[in-house]
1. Suppose we filter ILE54, ILE43 for residues that are modelled with pLDDT of 95 or more and under 11 Å from GLN94 (Cα atoms); which single one remains?
2. Of the numbered conditions (1) under 10 Å from the mean Cα position of the chain (by Cα); (2) crowded, with 18+ Cβ neighbours inside 10 Å; (3) of a type in the set (Lys, Arg), LYS25 satisfies every one except a single condition; which is it?
3. Does region 40-66 hold any residues that are touching a residue at least 24 places away in the same chain (Cβ under 8 Å) and either within 17 Å of TYR97 (Cα to Cα) or outside any loop (DSSP other than H, G, I, E, B) (or both), and which are they?
4. Filter region 67-102 down to the residues that are more than 18 Å from VAL34 (Cα to Cα), modelled with pLDDT of 90 or more and either among the β-branched types (Val, Ile, Thr) or assigned to a loop (DSSP other than H, G, I, E, B) (or both) and list them by number.
Amino acid sequence: MKELQLNNNIERNAQNKHMTSMLHKSQCAVNLLVNRGMTVVDISLNGSRPAIEIQYQSKCELLNGTSRGYKNTQSGLSILMIAILGHCEVNWMQPAYIDQIRSMQKKTPKNNKFNYNANNKKAVANV
């Protein structure tokens, strides 16, 4: 039984320190995500930083992610998004139509009552 007891004086080797650090970083990031109302699907400790997969929802925009690639899924084309949070990669699959809606909203003028004419430097009423 004495062999199974942990001795606090034993120094951890480099791999154990690395894994402990990865677990701590991922736990902190998961807590932040959960506190923001997001659903964590998977955690991977492989690689240089932990990777956390979350379920897509509109709150994912708060993470300010960038697209990494496209993937055909059962529900249509999706965009693989990635963001960095607390030294961890956070990944989610965003439906491609979300990007299409955003680009359409950017093209639509905010105020439809007046159209600004740059040549005349006048606002012209839309009738």
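The values are calculated or read from the model by the stated rules, or taken from the named source; none is laboratory data. Here the structure is a predicted model, which is why all the values come from computation and not from measurement. Please note: Cβ atoms are built from the backbone with ideal geometry, for glycine as well, and neighbour counts cover all protein chains shown.
1. On inspection, the qualifying residue turns out to be ILE54.
2. Among (1) under 10 Å from the mean Cα position of the chain (by Cα); (2) crowded, with 18+ Cβ neighbours inside 10 Å; (3) of a type in the set (Lys, Arg), LYS25 violates only (1).
3. Passing the criteria: ALA51, ILE52, GLU53, ILE54, GLN55, TYR56, CYS60, LEU62, LEU63, GLY65.
4. Answer for region 67-102, where residues must be more than 18 Å from VAL34 (Cα to Cα), modelled with pLDDT of 90 or more and either among the β-branched types (Val, Ile, Thr) or assigned to a loop (DSSP other than H, G, I, E, B) (or both): just ILE79.
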